[in-house]
Amino acid sequence: MKKALLAFVLVDTLLIAGAIALYLVFFRPQILAIESRRDEAVRANVAMTARVHAVEARLALASGDPPVAARAADDVRAQIDLLLTRIPKDHAREREDVRGLSERSRLIADEIQRDPAAARRDLELIDARLAALYPATPAAPAK
């Protein structure tokens, strides 16, 4: 009876060890890759939202509506700050680029009142830089 119990425990231990090894070798890397792609998509979505607010601010400036432009510029700054918190620490170049955009977005609020043309140029620059950092990718075809 003891031999049967010992054999059962040994076989069960080997099965559990095999399942853990299977998870660590095959499934965990796939999960990490999926999570990485998801995080990239989330950052691209936040960048797209910031770009939309930048266009909104530029439209308000062109329409001569500084209060709306200021609110939209605040939204741009908030989205860029949110984007900065979502960038992994090992993406130093991306983090530095977005930090520069964050600093530039903070200047826009003053420029809207003083120099709307400079604010518009800064908003265009932010839009272009975000488009370069996070290019829009077409959706994968449904299967």
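Just a few scattered comments:
- Net charge over other residues, Cβ less than 12 angstrom from the Cβ of Gly100 (K, R count +1; D, E count -1): +1
- Nearest-0.05 FRET efficiency for Lys2 and Asp39, computed from C-beta distance (R0 35 Å): 0.10
- Mean separation of Cα contacts under 8 Å, 6 or more apart, over the residue count of the chain: relative contact order %: 25
- Positive contributions from Lys and Arg (+1) and negative ones from Asp and Glu (-1), summed over other residues with Cβ under 10 Å from the Cβ of Leu123, come out at 0.
- Peptides 119-125, 38-44 ordered by average Cβ neighbours within 10 Å, highest first: 119-125, 38-44
- Using the Cβ of Glu40 as centre and a radius below 11 Å, the other residues enclosed give a net charge of +1, where K and R count +1 and D and E count -1.
- Membrane-span-like helices of the chain, defined as complete DSSP H segments with a Cα extent of 24 Å or more along the helix axis and a mean Kyte hydropathy of at least 1.6, are identified as 2-22.
- Listed peptides 99-109, 23-33 appear in the order 99-109, 23-33 once ranked by packing, highest mean of other Cβ atoms within 10 Å at the front.
- Counting only DSSP H runs of at least 4 residues, each contributing -39500 (n - 2.57), and dividing by the residue count of the chain, the helix-based mean residue ellipticity at 222 nm comes to -29000 deg cm²/dmol.
- Per residue, the convex hull spanned by the Cα atoms of the chain measures out at 157 cubic angstrom.
None of the figures in this text is laboratory data; all of them are computed from the coordinates on show. If you're wondering where the values come from, they're calculated on a predicted model, not measured in any experiment. Here the Cβ is made from the backbone with ideal geometry for all residues, glycine too, and neighbour counts use every protein chain on show.
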